[in-house]
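Data block below; observations after.
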Amino acid sequence: MMPANRLMSLLAVPIAIGLAPATALANGGGGGAAGGVDLIPMAALDVPIVEGNRSSARLRLKLVLRAGDPVAAAKITAEMPALREAALAGASEFARLYASPFVPVDAEKLAHDMTAVLHGRDSTITAVLLVNVVASPA
């Protein structure tokens with residue numbers, strides 16, 4: 001049987017590969033006068049997975065925020081500390097309710113929940129792209 005750490009790493013790879021084009025766009029491939037999409041990367045998040053009264057695992061994720069236009073992207077960039085605070089709260093709640101180091105993370109639900117949290121904080125965020133997610137023992 002494969003160790004949980006190795007299994008979670010292997011499960012995270014398809015998610016990262018499937019969203020790799022978003023990372024490429026976030027690094028300069030989008031935006032501009034040509035009508036591209038504006039993507040703003042957020043620093044990686046690392047929250048505890050709390051089970052019962054203890055935390056023996058971590059949920060680590062990387063997000064990219066999608067804005068509708070360059071003006072919205074500038075606004076999102078300026079508000080990044082507050083958005084990061086909201087993202088940490090949302091990720092902590094998800095980790096508490098749905099994450100475990102022993103089963104794959106429901107990346108679709110996590111992306112949906114993070115979009116709802118961050119769009120609620122700033123309506124110019126059109127989507128939250130989940131570029132990497134790993135649940136592992138601490």
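A few remarks follow.
- Couplings 3J(HN,Hα) of the stretch 125-138, computed from phi: 7, 8, 6, 10, 9, 8, 9, 7, 8, 9, 10, 8, x, 5 Hz, in residue order, whole Hz [Karplus 6.51 cos²θ - 1.76 cosθ + 1.60, θ = phi - 60°; x for Gly and Pro].
- Size check on the stretch 58-106: the Cα extents along the three principal axes, sorted descending, read 42, 17, 13 Å.
- In order along the stretch 66-73, the Karplus-derived 3J(HN,Hα) couplings, from 6.51 cos²θ - 1.76 cosθ + 1.60 at θ = phi - 60°, round to 9, 10, x, 7, x, 5, 5, 4 Hz, and Gly and Pro are given as x.
- Residues in the stretch 80-96 carry Karplus couplings, in order, of 4, x, 5, 5, 5, 4, 5, 5, 4, 5, x, 5, 5, 5, 4, 4, 5 Hz; the curve used is 6.51 cos²θ - 1.76 cosθ + 1.60 with θ = phi - 60°, and Gly or Pro positions show x.
- Point-to-point label distance, residue 112-residue 96, nm (Cα→Cβ direction, 7 Å offset): 2.1
Laboratory data are not the source of any read-out in this text; all were calculated from the coordinates shown. Keep in mind it's a predicted model, so treat the numbers as computed, not measured. Note: ideal-geometry Cβ built from the backbone for every residue, glycine included; neighbour counts use all protein chains shown.
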